[in-house]
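The values are calculated or read from the model by the stated rules, or taken from the named source; none is laboratory data. Since the model is a prediction, treat every value here as computed from it, not as a measurement. Every residue, glycine among them, receives a Cβ derived from its backbone with ideal geometry; neighbour counts consider all protein chains shown. The protein model used for the area step is the full one, side chains on, heavy atoms only, and it has no ligands, DNA or RNA in it. Shrake-Rupley method; radii C 1.70, N 1.55, O 1.52, S 1.80 Å.
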Amino acid sequence: MKVLSVESSCDETGVAIYDSEQGLLTNQLYSQIKMHAEYGGVVPELASRDHIRKAIPLIKEALRDASLKSDDIDAVVYTAGPGLVGALMVGATIARTLAYAWNKPAVPVNHMEGHLLAPMLEDDRPEYPFLALLVSGGHTMIVKVNAFGSYEIMGESVDDAAGEAFDKTAKLLGIPYPGGALLSALATKGTKDRFRFPRPMINHQGYNFSFSGLKTAVSLAIKEFGDNIDEQTRADLALAFEDAVVDILKAKCTKALKDTGLNQLVIAGGVSANKHLRAAMKQMMDELKGRVFYPRIEFCTDNGAMIAYAGMQRFRSGVKADSQINVYPRWPLSSIDEMYARCKSEK
Ligand code: KG4
Ligand code: ZN
């Protein structure tokens, strides 16, 4: 069986085709980063318009690249949330229209489930159950993944998401959008331990995170230097910020692994592209005699492949979209079942 996916939740248009036997057949991506960079962040209206421009050419390219025709596709799967409402509507409408025209079922997919299962696209993949750290621009959570579709959220950020903290701190340091990856590149030139920022909630009970205080601490440190902050100081601040985030994530994951007795850790979402975080988690898992799994970098940030994989699993479990085109800009992973139950009951 083959599914074609459409991902359009934010600033990336992604289209992929996944085969239940052969795996991923093609993965097409168009990033709007350059367009939004001019404005210092994602402009939702521009994102929607650009998804309209790019989705059809990417779908054509995916079919061409996989040497397939529309008849070969068994279902069209699409991101139905969470994300920007207009951007989601574009992808959902295109996917549903195609499914209707091709006389194939359509399957709504939860973007966070896509991120969570992205490591399953790799040959070397974890086995259920495992612990997952989901760190993206909108979410930071620790999830106990018992099986496909069975997710226990153990902890999440009480304020900013980790990626959001990266982006906001990058802005403070004068780094253009999207800040996360560039801040990390700057941090490689930093001097270790010249600055040390607080690690909010690191010793609190439970598995929740807080990142907004950290951003404020960086802002205060920058103010002390005023306008004549030099390049080395910027790099040192970037490294101190990154160190604090990595320490917090490491501490909470260690605790969750010990408490659950799990020995496999998956790190997914845009921030999992961070090299420093990857290295620290690898070392931590070696010490704990466990294993860490990451999706390859292009499956960490938003992409169509992860939506195709999650969509295939949902399709095989019997999910089909109802008669209306609905999107769910806030569709928490914690209520994934309720939304799918509604899908089934509305048919
Ligand atoms: O998962 P994603 O592509 O989109 C959301 O669903 O949010 O994550 C985007 C986030 C942004 O905040 C971006 O700055 C961050 O991931 N990010 C990084 C790196 N690459 C992307 N943060 C830190 N280091 C990186 N190398
Ligand atoms: Zn995402």
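The rows are residues; the columns are (1) touching a helix residue (DSSP H, G or I) at 6+ places or on another chain (Cβ under 6 Å); (2) within 9 Å of ligand 1 (Cβ to nearest atom); (3) touching a residue at least 24 places away in the same chain (Cβ under 8 Å); (4) open to solvent by 10 Å² or more (accessible area, probe 1.4 Å).
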{"position": "Leu121", "(1), (2), (3), (4)": "yes, no, yes, yes"}
{"position": "Ala132", "(1), (2), (3), (4)": "yes, no, yes, no"}
{"position": "Ile142", "(1), (2), (3), (4)": "yes, no, yes, no"}
{"position": "Asp167", "(1), (2), (3), (4)": "yes, yes, yes, yes"}
{"position": "Leu186", "(1), (2), (3), (4)": "yes, no, yes, yes"}
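Tally the residues that are away from ligand 1 (no atom under 16 Å from the Cβ) and either in contact with a helix residue (DSSP H, G or I) (Cβ under 8 Å, 6 or more places away or on another chain) or free of Cβ contacts under 8 Å to residues at least 40 places away in the same chain (or both), restricting the search to segment 263-277. Selection size over segment 263-277: 2. Checking segment 243-255 against the condition returns no match, with no residue being surrounded by fewer than 18 Cβ atoms within 10 Å (Cβ to Cβ), at pLDDT 95 or above, more than 15 Å from Leu186 (Cα to Cα) and within 12 Å of ligand 1 (Cβ to nearest atom).
In segment 267-316, the qualifying residues are those that are open to solvent by 50 Å² or more (accessible area, probe 1.4 Å) and of a type in the set (Lys, Arg), and the one that is nearest to the chain's Cα centre (by Cα) is Arg296.
Only residues that are within 27 Å of Thr169 (Cβ to Cβ) and in contact with a strand residue (DSSP E or B) (Cβ under 6 Å, 6 or more places away or on another chain): list them for segment 15-48, please. Matches in segment 15-48: Leu29, Ser31. Being in contact (Cβ under 8 Å) with a residue 12 or more places away in the chain and more than 14 Å from the chain's Cα centre (by Cα) is not true of Ala341.
Just so you know, in segment 147-157 the residues that are in a strand (DSSP E or B) and open to solvent by 50 Å² or more (accessible area, probe 1.4 Å) include one that is farthest from ligand 1 (Cβ to nearest atom), and it is Glu152.
Could you list, in sequence order, the residues of segment 171-184 that are within 8 Å of ligand 1 (Cβ to nearest atom) and either in contact (Cβ under 8 Å) with a residue 40 or more places away in the chain or open to solvent by 20 Å² or more (accessible area, probe 1.4 Å) (or both)? Residues satisfying the conditions are Pro178, Gly180, Ala181, Leu183, Ser184.
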